[in-house]
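Notes follow the structure.
FYI, it's all coordinate maths here, none of it is from the lab. What you see is a predicted model; the values in this text were computed from it and never measured. For neighbour counting, all protein chains shown are included, and Cβ atoms are generated from backbone atoms with ideal geometry for every residue, glycine included.
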């Protein structure tokens with residue numbers, strides 16, 4: 001028998017083989033710049049995978065029957081981020097798949113990045129139990145920590161823009177050795193170091209380094225899909241994602257709001273009590289360049305009074321974290337009164 | 001300062017490139033010299049000499065010491081050339097023949113007796129020594145690489161890594 005060629009069909013078969021014979025999931029990362037066809041590559045791989053699964057279902061080798069329509073797939077198995085996917089994953093059957101198209105630029109948003117990584121770890125854990133194929137598309141490797149990269153099985157890397165509706169993806173496989181996979185997943189870190197050290201663009205440098213790396217498997221060519229699929233994909237997956245992103249950037253967290261408020265009140269309090277500024281002076285400070293009064297003197301007075309009445313909060317209450325959004329920080333007076341009540345009852349019992 | 005760093009980076013790549021090119025040339029020269037030893041004929045020796053000359057002439061000579069060493073090796077090839085093609089009435093040719101340990105016999109051509117080198121195998125062995133010397137010089141300059149067995153790539157790599165028989169994959 002002739003040796004098989006490295007194609008998307010071959011990769012889809014490998015995924016199905018891993019599910020059937022190894023009872024294992026497959027985590028594939030697709031990495032590349034914007035508009036290089038990452039989603040197309042993911043969808044093309046998915047098409048092959050669905051073909052294999054349909055055949056398996058006909059031969060009664062699997063219990064999962066893939067849906068016929070793309071719209072059903074987009075609604076059920078696709079998500080814009082790991083958090084969104086975690087909501088959907090409960091309803092997914094075994095040996096199906098998860099498709100996360102991380103189009104959001106959360107890399108610049110430190111705390112969102114941490115949350116994203118936590119969600120992603122949870123997602124990988126759940127996908128592993130259900131023997132799912134996880135296709136994770138990312139425009140930034142910074143979004144993925146070493147732990148996450150270490151858990152990925154394959155990486156499809158796109159280093160060029162498409163030409164004539166075609167593009168090439170390089171396939172990298174992760175190391176079997178857990179230590180190596182954890183410290184240098186896909187052998188990428190020396191490559192990144194080498195490229196950043198060059199400080200300028202050397203044509204073909206990325207490909208040269210990748211192809212000489214021992215994690216390099218080969219390169220494969222993929223084509224564009226039907227335009228209607230893209231339109232549907234944009235409407236059902238991308239646009240809700242952009243909407244959520246807009247919502248995310250529009251609002252600040254309550255923790256951040258409380259912190260800013262506390263800082264502003266402290267400034268007013270210090271100016272009033274320590275620097276002996278009058279309320280009229282403080283009101284002038286809170287007037288913008290167009291002459292609008294942002295805070296009236298009565299409001300400022302109220303804020304100063306609040307600060308004067310406030311007792312020293314706990315150290316924990318001062319260090320705001322994202323978790324505080326969900327949790328309630330009890331006031332110190334409440335705790336003290338509770339403690340006094342307990343000690344009173346103890347004394348009376350004695 | 002930045003310019004210097006960039007130059008270093010470029011030189012680094014050039015060095016890597018030279019390594020590969022020179023290794024290929026070394027292998028070509030080694031193959032031709034081996035052929036000349038196997039069949040010590042004039043044509044084979046000529047080919048071996050040409051390959052060897054190409055290899056030595058390609059060795060970069062950035063330092064004066066390297067340049068001198070390269071010149072010495074080239075001079076040795078020149079000696080072999082002179083011994084083969086030089087005029088026997090010339091003193092330099094006779095000296096070269098003596099250095100290589102060649103013997104001259106006479107072949108009859110009509111009424112004339114033409115001088116011929118009878119032990120051409122000595123030239124092949126001499127070229128072998130020159131090749132080894134050039135190889136040593138390249139190694140000292142860090143320009144010799146060991147060519148490894150080509151790594152397994154493509155679908156075969158995944159099959160080997162996952163421990164899958166290709167026929168099993170058909171039944172998935």
Exercise. So if R0 is 51 Å, what FRET efficiency would residue A:306 and residue B:15 give, r being the distance between their Cβ atoms, rounded to the nearest 0.05?
Worked result: 0.15
Seminar exercise, completed: The relative contact order of region B:67-172, taking Cα pairs under 8 Å that sit 6 or more residues apart, comes to a percentage of 19 percent
Seminar exercise, completed: With a ≥ b ≥ c from the Cα gyration tensor eigenvalues, square-rooted, and the rule rounded for a/c under 1.5, otherwise prolate when a/b > b/c and oblate otherwise, region B:56-172 is oblate
Seminar exercise, completed: Taking every residue of A:122-133, the Cβ atoms of other protein chains inside 10 Å of its Cβ average out to 0
Exercise. At residue A:68 and residue A:244, where each label point lies 7 Å from the Cα along Cα→Cβ, what is the point-to-point distance in nanometres?
Worked result: 2.9 nm
For this session: When a/c is below 1.5 the answer is rounded, else prolate if a/b is larger than b/c, else oblate, so apply that to region A:192-287 with a ≥ b ≥ c taken from the square roots of the Cα gyration tensor eigenvalues.
Result: oblate
Exercise. By how many nm would the segment from residue A:228 to residue A:166 grow when fully extended, if each residue of separation counts as 0.36 nm and the alpha-carbon distance is taken off?
Worked result: 20.6 nm
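Assuming R0 = 30 Å, can you tell me the calculated FRET efficiency for the pair residue A:34 and residue A:294, based on Cβ-Cβ distance, to the nearest 0.05?
Efficiency, rounded to the nearest 0.05: 0.15.
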For this session: For chain A, calculate the relative contact order in percent as a whole number, restricting contacts to Cα pairs under 8 Å that are 6 or more residues apart.
Result: 16 percent
Problem set entry | Where a label projected 7 Å from the Cα of residue B:171 along Cα→Cβ would reach, residues of region A:46-62 with amide N under 14 Å | A:61
Exercise. With springs only between Cα atoms under 10 Å, which of A:225, A:143, A:132 fluctuates most in a Gaussian network model of chain A?
Worked result: A:225
Exercise. So how far apart, in nm, are the two label points at residue A:273 and residue B:72 if each is 7 Å from Cα heading toward Cβ?
Worked result: 8.8 nm
Exercise. Which angle between 0 and 90 degrees, to the nearest 10, do you get for helix A:239-250 versus the longest principal axis of chain A when only C-alpha atoms count?
Worked result: 20 degrees
Exercise. Using alpha carbon coordinates only, what is the Rg to Rh ratio of chain A, with Rh defined as the Kirkwood radius?
Worked result: 1.13
Exercise. P(r) tail for region A:77-232, what percent of Cα pairs lie past 24 Å?
Worked result: 42 percent
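Please give the average number of partner chain Cβ atoms lying within 10 Å of the Cβ of each residue in A:198-206, rounded to a whole number.
Partner-chain Cβ atoms within 10 Å, mean over residues of A:198-206: 2.
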Exercise. Nearest 10 degrees, 0 to 90: what angle lies between the long axis of helix A:254-273 and the longest principal axis of chain A (Cα atoms)?
Worked result: 30 degrees
Exercise. Out of B:73, B:117, B:97, any idea which swings most in a Gaussian network model of chain B, alpha carbons joined below 10 Å?
Worked result: B:117
Exercise. Across the residues of B:155-165, average count of Cβ atoms on other protein chains within 10 Å?
Worked result: 6
Exercise. Using the per-residue mean of other Cβ atoms lying within 10 Å as a proxy for protection, in what order, highest first, do the peptides A:45-52, A:9-16, A:195-202 fall?
Worked result: A:9-16, A:45-52, A:195-202
For this session: Under 18 Å from a label point 7 Å along Cα→Cβ of residue A:196: give me every residue in region A:139-153 with its amide N that close.
Result: A:139-150
Seminar exercise, completed: Simple spin-label estimate for residue B:119/residue B:65, 7 Å along Cα→Cβ, in nm, reads 3.7 nm
For this session: Identify which of A:148, A:191, A:158 has the largest mean-square fluctuation in a Gaussian network model of chain A, with springs joining Cα atoms closer than 10 Å.
Result: A:191
